[in-house]
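Engineer: Would you mind keeping the following structure in view while I ask a few things?
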Amino acid sequence: MKLSELIPCLSVASPSFCKELSTKALTELGARRSKMSRDFMEEQVYHPWYWHEGDLWLNEDVATDIPLIVTGDLIISGICVDYGGPLLVLGTMRCEHMVSEWSICVWRDLICGGLCYQYYNDHVLEVHGALSARVFISDEKHVEAKEWKVDIDYTSYENSTSEQLATYRA
């Protein structure tokens, strides 16, 4: 399913709502300022943002094709394919596998049961908790996580996550 199919059930986030979330991010995440917050929310690069209040459970494969904010956890029982809009999850995000070309920001943990594949250098993956996956691949994409819990990793980006992983594994 495409997330745009949920639009009748979602609210439209006003610019002031996005600014409030950006301010909350600065407060809750500490001094580190989120690129997602700065570039996408405050400057309203993508508008409108849609939002879902609370936890969102989706029992099938999902394609993220709209800018979406989930104020709780996002649980996807299948594959998450992120190709058409930034995603901000204020809780934890869980999925079987992830293939991402856009920006995703998760304020807590990102848990992929298998593959977490990140591609395309104009966007970022930010995880302010732990990033967990059996296999993690980053191809020309900037990725940040507070903690790394992956079995196998590969990156082609200059600021290698492999170097960061070595630090956490030591």
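The values are calculated or read from the model by the stated rules, or taken from the named source; none is laboratory data. What you see is a predicted model, and the numbers here were worked out from it, not measured in a lab. Cβ sites come from the backbone with ideal geometry, for glycine too, and all protein chains shown count toward neighbours. Side chains are part of the model used for accessible areas, which takes the heavy atoms of the whole protein and leaves out ligands, DNA and RNA. Shrake-Rupley method; radii C 1.70, N 1.55, O 1.52, S 1.80 Å.
Engineer: Say we look at region 49-86 and pick out the residues that are in a loop (DSSP other than H, G, I, E, B) and in contact with a Pro (Cβ under 8 Å, 6 or more places away or on another chain); which of these is nearest to Cys105 (Cα to Cα)?
Structural biologist: Pro86
Engineer: Go through region 91-112 and give me each residue that's assigned to a loop (DSSP other than H, G, I, E, B) and at pLDDT below 90.
Structural biologist: Answer for region 91-112, where residues must be assigned to a loop (DSSP other than H, G, I, E, B) and at pLDDT below 90: Glu101, Trp102, Ser103, Trp107.
Engineer: Quickly run through region 69-98 and pick out the residues that are open to solvent by less than 50 Å² (accessible area, probe 1.4 Å) and over 11 Å from the mean Cα position of the chain (by Cα).
Structural biologist: Result: Thr71, Gly72, Asp73, Ile75, Ile76, Gly78, Gly84, Cys95.
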